[in-house]
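Asker: Before anything else, here's the structure in question.
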Amino acid sequence: ARTVPFFVCLGGIGTTLARGQVNLLVVGCVAGMFAATVRGRRFAAGGWLAAAAVLKVIPAALLLAPAVRRDWRAGVGVAAGLVFGLLLLPAAVLGWGRAVDANRVVFDKV
């Protein structure tokens with residue numbers, strides 16, 4: 001039951017890896033969000049959701065899920081993850097000025 005879906009998806013996984021896409025990481029983050037939600041770890045679920053949204057813009061639509069469910073712990077986890085992934089980590093690597101400029105460029109292009 002676990003190996004058949006893996007082998008069915010193996011071609012797509014190989015293509016994604018060959019092209020250097022982050023889709024597998026995004027799927028892993030969303031799966032982590034679901035697993036944390038099922039286990040009742042709502043803050044961690046928000047963190048996983050924020051990680052998916054930082055990696056790719058499309059999962060940002062899922063940021064509405066904690067608001068619709070009125071799950072404030074997950075919302076705080078999302079906020080903390082976004083601050084870390086979009087501000088603190090780039091600032092540690094690039095410096096504050098370049099990190100803000102990089103985020104501004106992404107915002108303008110998206």
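The values are calculated or read from the model by the stated rules, or taken from the named source; none is laboratory data. Since the model is a prediction, treat every value here as computed from it, not as a measurement. Every residue, glycine among them, receives a Cβ derived from its backbone with ideal geometry; neighbour counts consider all protein chains shown. For accessibility, only protein heavy atoms count, side chains too; no ligands or nucleic acids. Shrake-Rupley method; radii C 1.70, N 1.55, O 1.52, S 1.80 Å.
Asker: Per DSSP helix of 4 or more residues, -39500 (n - 2.57); summed, then divided by the residues of the chain. What does that give at 222 nm, rounded to the nearest 500?
Answerer: Mean residue ellipticity at 222 nm (helix-derived): -24000 deg cm²/dmol.
Asker: Same structure, new question: Could you work out how far apart the two model spin labels at V68 and V110 are, taking each label as a point 7 Å from the Cα in the direction of the beta carbon, and quote it in nm?
Answerer: 1.9
Asker: Give me the percent of accessible area attributable to carbon and sulfur for the chain, probe 1.4 angstrom.
Answerer: Result for the chain: 70 percent of the exposed heavy-atom area is carbon or sulfur.
Asker: What length, rounded to one decimal in nm, is gained on full extension from L87 through to R19, with 0.36 nm per residue of separation minus their alpha-carbon distance?
Answerer: Roughly 21.7 nm would be gained on extension.
Asker: Calculate one ³J(HN,Hα) per residue across segment 21-30 by plugging θ = phi - 60° into the Karplus curve 6.51 cos²θ - 1.76 cosθ + 1.60, and present them in order as whole Hz with x for glycine and proline.
Answerer: Couplings: 7, 9, 4, 5, 5, 5, 4, x, 5, 5 Hz.
Asker: Not counting the cut sites, what is the longest span of the chain without trypsin sites (Lys or Arg not before Pro) that DSSP labels loop and that have at most 11 other Cβ atoms within 10 Å?
Answerer: Segment 71-110 is the longest.
Asker: Can you work out the accessible area per residue across the chain, with the rest of the protein chains kept in place, probe 1.4 Å, in square angstrom?
Answerer: 71
Asker: Where in segment 72-92 does the label zone of V100 land, with the point 7 angstrom along Cα→C-beta and an amide N cut-off under 20 Å?
Answerer: Residues passing the 20 Å test: 82-92.
Asker: How high is the FRET efficiency from F6 to A61, r the C-beta distance, R0 22 Å, rounded to 0.05?
Answerer: Once the sixth-power term is evaluated, E becomes 0.25.
Asker: On to the next question. Taking the alpha carbon gyration tensor of the chain, what are the square roots of 5 times its eigenvalues, largest first, to the nearest whole Å?
Answerer: Rounded to whole Å, the semi-axes are 26, 21, 11.
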